Amino acid sequence: MTSKRHKFCMGIGIGILILLFLTLKWPLGTPVMPNNSSELKSLTPITSSLEPTINQNEPAKPDALQPQGDDAIAHELSLSKAKLSEFPTEGIPVLMYHSISTIPGNTLGVPVQQFAEEMAWLHRQNYTTLSLEEFYEALVNKTPIPEKPIVLTFDDGYSDNYEAAWPILRPYGFKATFFVTTSSVGPGMMNWDQLNLLVHEGNSVASHTVHHYDLATLSSQQQADELSLSKKDVETHLSNRVNALCFPSGRYNQTTLELMPKLGYTLGFTTESGKVHMGDNPQTLKRLRISGGMSITSFQKQFP
């Protein structure tokens with residue numbers, strides 16, 4: 001009996017020692033990783049062969065250029081540290097762009113590389129872009145705004161505004177205003193889906209009339225149709241209230257200015273060169289034209 005009891009106790013002891021050994025070698029809660037390469041592959045997340053890739057020869061799509069990692073954190077910190085101040089005495093620059101592409105013999109087209117260099121410089125200089133609403137509140141109601149404010153505007157609604165300009169603007173947290181000629185929305189120009197995405201991302205879409213006619217040559221009724229129908233079209237397609245008008249080719253007359261408040265327009269943008277200062281007429285605001293081929297030095301001279 002004693003011998004059997006002795007063997008039983010030894011068996012229990014050996015079992016406890018084995019258990020202790022196993023616990024030390026593979027602590028509880030620690031997964032045992034396979035050492036076979038084929039087994040390791042089975043634990044790697046599978047990436048679909050249909051996942052889109054970025055073609056370096058094509059403009060990057062907006063989603064591909066969202067700030068990531070440290071860039072995203074730095075961007076959020078820069079926004080949170082932005083100091084609010086009064087309307088700058090030197091004025092607010094409202095930049096006027098058209099197509100962001102190379103158009104031989106036409107300075108309305110700003111090459112992509114030139115535009116990218118200009119936006120990178122503005123970002124390094126700590127400029128903050130304003131939406132139309134923020135700009136209006138600062139100009140009319142004297143609402144404080146971030147230091148070094150700027151407004152970016154694009155006329156006509158070229159498709160490259162979405163395909164080339166927006167991917168450059170987005171990583172910097174820049175927002176812009178796009179003045180669209182509503183009869184041209186579609187093939188060859190930005191479409192409503194693209195405009196809707198821009199609005200969803202914090203940009204503004206406003207009126208450049210229906211047909212881009214010279215307003216100064218139209219009757220009062222014709223002008224009213226151009227202003228009211230374009231406004232209605234944008235507001236119908238987008239979750240975007242329209243209160244700004246960009247005069248086609250900068251042309252307007254007294255009739256235009258009288259119609260604007262009646263039809264719900266509080267801001268009007270011209271092609272006259274200069275910055276916007278406190279006390280300027282909100283209906284006839286100046287802008288700074290940025291031309292294709294402008295050197296970065298000439299660009300920098302536009303700013304205080």
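The values are calculated or read from the model by the stated rules, or taken from the named source; none is laboratory data. Computed from a prediction, not measured in an experiment: that's the story for all the values here. Methodologically, a virtual Cβ is constructed for each residue, glycine included, from the backbone with ideal geometry; neighbour enumeration extends over all protein chains shown.
Numbers at a glance
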{"read-out": "Of residues in the stretch 124-152 being hydroxyl-bearing (S, T, Y) and touching a Lys or Arg at 6+ places or on another chain (Cβ under 7 Å), the one surrounded by the most Cβ atoms within 10 Å (Cβ to Cβ)", "value": "T129"}
{"read-out": "Test: V199 is β-branched (V, I, T) and either in contact (Cβ under 8 Å) with a residue 60 or more places away in the chain or assigned to a helix (DSSP H, G or I) (or both)", "value": "yes"}
{"read-out": "Residue check for T217: surrounded by fewer than 18 Cβ atoms within 10 Å (Cβ to Cβ) and touching an Asp or Glu at 6+ places or on another chain (Cβ under 8 Å)", "value": "no"}
{"read-out": "Residue ID - nearest to F178 (Cα to Cα), chosen from residues in the stretch 286-304 that are outside any strand (DSSP E or B) and in contact with an Asp or Glu (Cβ under 8 Å, 6 or more places away or on another chain)", "value": "I290"}
{"read-out": "Filter pass, E118 being surrounded by 15 or more Cβ atoms within 10 Å (Cβ to Cβ), acidic (D, E) and out of contact with any Leu (no Cβ under 9 Å at 6 or more places or on another chain)", "value": "no"}
{"read-out": "Complete set of residues in the stretch 202-243 that are without any contact (Cβ under 8 Å) to a residue 24 or more places away in the chain and not hydroxyl-bearing (S, T, Y)", "value": "L218, Q221, Q222, D225, E226, K232, E235, R241"}
{"read-out": "Filter pass, G157 being surrounded by fewer than 22 Cβ atoms within 10 Å (Cβ to Cβ) and among the small types (G, A, S)", "value": "no"}
{"read-out": "Given (1) under 22 Å from L139 (Cβ atoms); (2) at pLDDT below 95, number of the condition V205 does not satisfy", "value": "(2)"}
{"read-out": "Tally of residues being without any contact (Cβ under 8 Å) to a residue 60 or more places away in the chain and under 15 Å from A116 (Cβ atoms) across the stretch 287-304", "value": "1"}
{"read-out": "Residue satisfying all of: in the stretch 253-281; touching a helix residue (DSSP H, G or I) at 6+ places or on another chain (Cβ under 6 Å) and hydroxyl-bearing (S, T, Y); surrounded by the most Cβ atoms within 10 Å (Cβ to Cβ) among these", "value": "T256"}
{"read-out": "Within the stretch 244-266, tally of residues that are more than 17 Å from G157 (Cα to Cα) and part of a loop (DSSP other than H, G, I, E, B)", "value": "7"}
{"read-out": "Filter result for E134 (over 15 Å from the mean Cα position of the chain (by Cα) and free of Cβ contacts under 8 Å to residues at least 24 places away in the same chain)", "value": "yes"}
{"read-out": "H237 farther than 24 Å from S131 by Cβ, surrounded by 15 or more Cβ atoms within 10 Å (Cβ to Cβ) and either touching a strand residue (DSSP E or B) at 6+ places or on another chain (Cβ under 9 Å) or not aliphatic (A, V, I, L, M) (or both)", "value": "no"}
{"read-out": "Positions within the stretch 272-285 being over 21 Å from T255 (Cβ atoms) and in a strand (DSSP E or B), in sequence order", "value": "S273, V276"}
{"read-out": "Residue within the stretch 218-226 that is in contact with a Ser or Thr (Cβ under 7 Å, 6 or more places away or on another chain), closer than 19 Å to H98 by Cβ and either in a loop (DSSP other than H, G, I, E, B) or not β-branched (V, I, T) (or both) present", "value": "no"}
{"read-out": "Subset of the stretch 128-153 (residues that are closer than 20 Å to W166 by Cα, in a strand (DSSP E or B) and either of a type in the set (A, V, I, L, M) or in contact with a Ser or Thr (Cβ under 8 Å, 6 or more places away or on another chain) (or both))", "value": "P149, I150, V151, L152, T153"}
